[in-house]
1. Quick one: if you stick a label point 7 Å off each Cα along the C-beta vector at residue 395 and residue 488, how many nm between them?
2. At what distance in nm do the modelled label points of residue 412 and residue 130 sit from each other, each positioned 7 Å from its Cα along Cα→Cβ?
3. Under 19 Å from the 7 Å Cα→Cβ point of residue 363, by amide nitrogen: which residues of region 199-217?
4. Among [x] 30.8, 93; [y] 29.4, 95; [z] 22.2, 75, which one is Rg and Dmax of the Cα atoms in Å computed from these coordinates?
5. Tell me the per residue accessible area of the chain using a 1.4 Å probe; a whole number in Å² is fine.
6. How much of the accessible area of region 435-498, probe 1.4 Å, is carbon plus sulfur, in whole percent?
7. Which net charge results for the neighbourhood of residue 502, defined as the other residues with beta-carbon distances under 14 angstrom from its beta-carbon, given Lys and Arg at +1 and Asp and Glu at -1?
8. Residue 330 accessible area, nearest 10 Å², 1.4 Å probe?
Amino acid sequence: MTKRPKPASTRSPSMLVDLIQLRFLPGSTESDNQQLYRLLRDAILGEELPHGLRLPSSRQLAAELGIARNTVIHVYERLAAEGYVSAGVGRGTFVSDTRPDRIPHPAATRETAPVPASRHASGVSQRGAALMARAGAGERQWGAFMPGVPEVRAFPARTWMRLQNRHWRRPPPDLLSYGVGLGYPPLRAALADYLRSSRGVLCDPEQIVITSGTHTALQLIGLMLCDPGARAWVEDPGYWGVHSVWRANGIETVPVPVDDEGLDVDRGEGRPRLVFVSPSHQYPLGSVMSLARRRQLLAYASHHGAWIVEDDYDSEFRYGRPPLPSLQGLDTDGRVLYLGTFSKVMFPGLRLSYMVVPAPLVDAFRVGLSEVYRGGQSLTQAVLADFIVDGHFVSHIRRMRNLYAARREALLSAIATGFGDSLPIHDGSAGLHLVLGLPGRDDRAIARDALGHGIITRALSRYYRAPASSASGLLLGYSHVDEDEISRHFATLAGCIADAPG
C-alpha cells in the first residue's frame, strides 16, 4: 500500500481543544474516560479531525478540560492501540490515516444479473420483501378481543415456580447444555401417554419431536420433506403463519377452499407434497372436518405420496360436545405429521411445541433438529414433564375450559343483545375465539376503527389468499377478557360496526 502524504492541517491543537470543550460535559453520567474517547474517535471517523493533525499534549488537554492527566494518557493509548492515532516519545500524537485506498467492486460479468432498484434502497431480499408484504403478526398481543391468546393470568405460576426451583437446586449439566435428540425423554413419554388417551393419537415416545414453537416445526417439515419449488395445499381461509414460513423456505403454498366439512380435496390444484389442515377446529372459521372428508384426504395422500400436516392447536377446549379423535389416529399408511402446542393451554411465552412424525421419518427429523436448531430449553422441558406427570397439566386444562366456556357465553350474549340473530357466528363450539360475520361490510376498515377505540380484532378477509372467495367478518378472542368486561368492550365494537357503511 502506497503511503499518502500527510495533508497540511488547518486546525491547530488549541482549536482542537476548543472543539472538544464545546462537546465535553463535566459531571455527565458517562465517565470522563469514556466520554473523551468517544468524542475523539467520532471526530476522527467523521474526518472533523483530519489525518496528520497533531493532538494537544496530555498535560494541556487535561488542564483545559479540568480532568486528570492520566485519563487523557489512557485515552490516547487506547486510540493508538485501536489505530486511530500514532504516537512516539518526544514527537507527539497524530491522527492516523484510516481511510481505505479504494472501495473494491466485483468484476462485472455478462452473467451478473442486475439487482432490482428496490433492493438497492433497502437491502432486503426478494423473499424478505415478499414476507413483509404479506406479514400477519400484530404488534399488540393483549387486550379485548385479540384472538388466539389464552388467559395467562390464571396460570398456576406458584406451582410452576416450585417445580422449577426443584430442578434449579442442583441442575444436571446435560439440562444446561445443548439439547440432543428429539427432546427431553421424560417429557416425550408423558406427552405420548396424554395424546393416546385424550386425542386418540397413535404414537410411541420415540416419534415425538419437541420444538421451540409451531413455526419451528413447520420450518423443519419444509426442510426435511420438500425441495425448493415444492407445492403445499393450505386451507383458505387459513393460518397466515403457514404461508409465511413455507414460502420463505421456497415452497409454493396453494390456497384450497374450506367449507362446512373442512378442506375441499376436490378443489385442490396440482399435486401437493404437503397438505396443511386443522381438522378438529378449522382456523379461523371453526368448522370440523367430516369423517368422509378425512378419509378422502387420507386416501389422496396415500395414493399420491403427499404428507398431511395436522394442526391440532386448541382441541383441548370444546364446549358442550365431546372431543373428536385426531386425523392421525385414522391414518394407517403413516402419512400424517401431528402438530400440538403449549401456547394455548399454558402460555405463549413458554415457546414449546411438539409434533408426532411417522416412524420412518424419526431419524431424519432427529438429524435435522440437531443440525439446524440444536434443540434446547432442556430445563424448561424437565419442568414441563413434572407439570404433566404430577397432574397439574390436566387440572389446568379443566379449569380453563370452564372459564373459557363462561366467557364464550358472555360474548354470545353480548352479540345477541347488540345484533340479535342478524349476523352469522362461526365458532364450532370450541377454541379461544369466534368469528362474527359481517356480510356486505368492510371488515378491515371496521377493525382499524375499533383499534382506534382500544379494541383489538382481526379482519376475516385477511385470512383468505383467494380474494374472489373471501368473506367479511371479525375474529373475536374471548379467552383472556374478564367476563364482566365483555359486554362493555363489545358495546364499543358494536358502535364501530353500526357506524360502518354497508
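The values are calculated or read from the model by the stated rules, or taken from the named source; none is laboratory data. Bear in mind that the values here come from a model prediction, so they are computed numbers and not experimental data. Because the Cβ atoms are built from the backbone with ideal geometry, glycine has one as well, and the counts that use them run over all protein chains shown. The accessibility values were calculated without ligands, DNA or RNA, using every heavy atom of the protein model including side chains. Shrake-Rupley method; radii C 1.70, N 1.55, O 1.52, S 1.80 Å.
1. Label at residue 395, label at residue 488, 3.3 nm between them.
2. For residue 412 paired with residue 130, the spin-label model returns 4.2 nm.
3. What the label zone holds, given the 19 Å backbone N cut-off, is 204-209.
4. Among [x] 30.8, 93; [y] 29.4, 95; [z] 22.2, 75, the one derived from this structure is [x].
5. 49
6. Numbers: 1280 of 2600 Å².
Percent of accessible area from carbon and sulfur atoms in region 435-498: 49.
7. Numbers: positive: 441, 444; negative: 442, 443, 449, 499.
Taking every Cβ under 14 Å from that of residue 502, the sum is -2.
8. Rounded to the nearest 10, the figure is 70 Å².
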